[in-house]
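Asks: Below you'll find the structure I mean.
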């Protein structure tokens, strides 16, 4: 099946992107505006990286890249102000007619994981969604094949491989429900002490550097876009 405009391969995430822009009252980050028309080394337009900010939000990104005909990568990454008790949000995937890979998470900071009672209380709504997905016979949840993702993800990290095209709307619905849970944390996140905020910022910076260093697909992105544009994408999408 070709990637027609009405295919979920082409449209998955569009509604969520609009929700983010509206509900977070997002403002574009002009520093990354050159990525709104993302061109490969051949000069062809292949998609976009939209970077934005907002109240309590250090940075958010929405990425949509046509890797090749019938294959599209999408990524939503929300990085809240570390001075608030709000986790990061990630919803991403590689979409293709032969079978797609999609993952989502609300990444708890290390101090939250170290206090299991706090974690269980904060993440109870997300755990309910995760459990619903685990029991959904359309999907088989699996751990990441990458060690850094297993190290940094949460107990509600949701990853599915080989998703048939007609099941993409269902996995998108789980992504929207994860966003709903994150949005509630975002609206109600309490301010942290300067020391707590600084510690979280440092941890997130280390995680971002590690993800970049261990990304097994970075060489593929460089081969398509070149090192300079790849670095610009990383700067927009990571901490």
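The values are calculated or read from the model by the stated rules, or taken from the named source; none is laboratory data. These numbers come from a predicted model, not from an experiment. Positions of Cβ are backbone-derived with ideal geometry, glycine not excepted, and every protein chain shown enters the neighbour counts.
Asks: Within segment 24-61, track down each residue that is in contact with a helix residue (DSSP H, G or I) (Cβ under 6 Å, 6 or more places away or on another chain) and not in a helix (DSSP H, G or I).
Replies: Residues satisfying the conditions are 40, 41, 49, 51, 61.
Asks: What residue, among those in segment 115-165 that are more than 29 Å from residue 214 (Cβ to Cβ) and in contact (Cβ under 8 Å) with a residue 60 or more places away in the chain, is surrounded by the fewest Cβ atoms within 10 Å (Cβ to Cβ)?
Replies: Step by step, filter segment 115-165, then rank; the result is 164.
Asks: In addition: Take the residues in segment 62-85 that are in contact with a helix residue (DSSP H, G or I) (Cβ under 8 Å, 6 or more places away or on another chain) and within 13 Å of residue 225 (Cβ to Cβ), then tell me which one is surrounded by the fewest Cβ atoms within 10 Å (Cβ to Cβ).
Replies: Per the criteria, the residue is 67.
Asks: When the residues of segment 210-235 are filtered to those that are exposed (fewer than 13 other Cβ atoms within 10 Å of the Cβ) and modelled with pLDDT of 90 or more, which remaining residue is farthest from residue 59 (Cα to Cα)?
Replies: Taking the candidates together, the pick is 223.
Asks: Also, quick follow-up: Confirm whether residue 202 is more than 15 Å from the chain's Cα centre (by Cα), over 22 Å from residue 25 (Cβ atoms), modelled with pLDDT of 95 or more and surrounded by 15 or more Cβ atoms within 10 Å (Cβ to Cβ).
Replies: Judged against the criteria, residue 202 is not a match.
Asks: For segment 74-95, indicate whether the set of residues that are farther than 30 Å from residue 192 by Cβ and either in a helix (DSSP H, G or I) or more than 19 Å from the chain's Cα centre (by Cα) (or both) is non-empty.
Replies: The answer is no, given that none of the residues of segment 74-95 is farther than 30 Å from residue 192 by Cβ and either in a helix (DSSP H, G or I) or more than 19 Å from the chain's Cα centre (by Cα) (or both).
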